[in-house]
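Okay, structure first, notes after.
The values are calculated or read from the model by the stated rules, or taken from the named source; none is laboratory data. The model shown is predicted, which means the values in this text are computed figures rather than measured ones. Here the Cβ positions follow ideal geometry from the backbone for every residue, glycine too, while neighbour counts run over all protein chains shown. What goes into the accessible areas is simple: the full protein's heavy atoms, side chains included, and nothing from ligands, DNA or RNA. Shrake-Rupley method; radii C 1.70, N 1.55, O 1.52, S 1.80 Å.
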Amino acid sequence: MDLRRAGLRITPARLAVLAALRGRTAPASHADLASVLGSAVPDRATVYRNLVELVKAGLARRRDLGDHVWRFEASGARPGGKEHPHFLCTACGSLTCLDTLRVSLRRGTRVPRALRDDAVEILVKGLCDDCQAKRDRRE
């Protein structure tokens, strides 16, 4: 989906923010994106405003991983354009998309009928390979 079809004006800053999101392999914080964009976008407030507008227009998704830092990713940038699980390293904070992990919902007595597979957010936490290797070397 492009900006015009989403009802957004095409501006250099918005194009830069969207391109930065689409170029990422995992959700990124506002600070990460502002740093990557550098002089392509006038200031951090402009980056944030554009992120919020992209989320409202359905071109991006916003993630809350429980650490009070919003992370953003382009909608439809992953295979199938659907929701997918994420892995958060509890030691270094790295975030990885788990595109190949498939999760399906089985209807049961405690699952609301209105719940859709594409509206479920799953976060798996643990140690990434690098942090696990560091821990193993210390032990």
Item to check | Checking R107 against (1) at pLDDT 85 or above; (2) outside any helix (DSSP H, G or I), the condition it does not meet | outcome: (1)
Next on the checklist: Among the numbered criteria (1) open to solvent by 40 Å² or more (accessible area, probe 1.4 Å); (2) without any contact (Cβ under 8 Å) to a residue 60 or more places away in the chain; (3) outside any helix (DSSP H, G or I), which one does T25 miss?
Outcome noted: (2)
Item to check | Filter pass, A60 being within 17 Å of the chain's Cα centre (by Cα) and modelled with pLDDT under 95 | outcome: yes
Checklist outcome for this item: Of the residues in region 63-75, those that are open to solvent by 40 Å² or more (accessible area, probe 1.4 Å), aliphatic (A, V, I, L, M) and under 11 Å from the mean Cα position of the chain (by Cα) come to none
Checklist entry - Does H30 fit the bill of being over 19 Å from C92 (Cβ atoms) and open to solvent by 30 Å² or more (accessible area, probe 1.4 Å)? => result yes
Checklist entry - Can you tell me which residues in region 76-103 are loosely packed, with under 15 Cβ neighbours inside 10 Å, at pLDDT 70 or above and farther than 15 Å from D129 by Cα? => result D99, T100, L101, R102, V103
Next on the checklist: Need pairs with beta-carbon distance below 6 Å; first residue under 10 Å from G7 (Cα atoms) and without any contact (Cβ under 8 Å) to a residue 24 or more places away in the chain and within region 47-62, second outside any strand (DSSP E or B) and open to solvent by less than 40 Å² (accessible area, probe 1.4 Å); sequence gap 6+ or separate chains.
Outcome noted: none
Checklist entry - All but one of (1) farther than 17 Å from T96 by Cα; (2) in contact with a helix residue (DSSP H, G or I) (Cβ under 6 Å, 6 or more places away or on another chain) hold for A45; which doesn't? => result (2)
Checklist entry - Of all residues in region 34-56, how many are crowded, with 17+ Cβ neighbours inside 10 Å and part of a loop (DSSP other than H, G, I, E, B)? => result 1
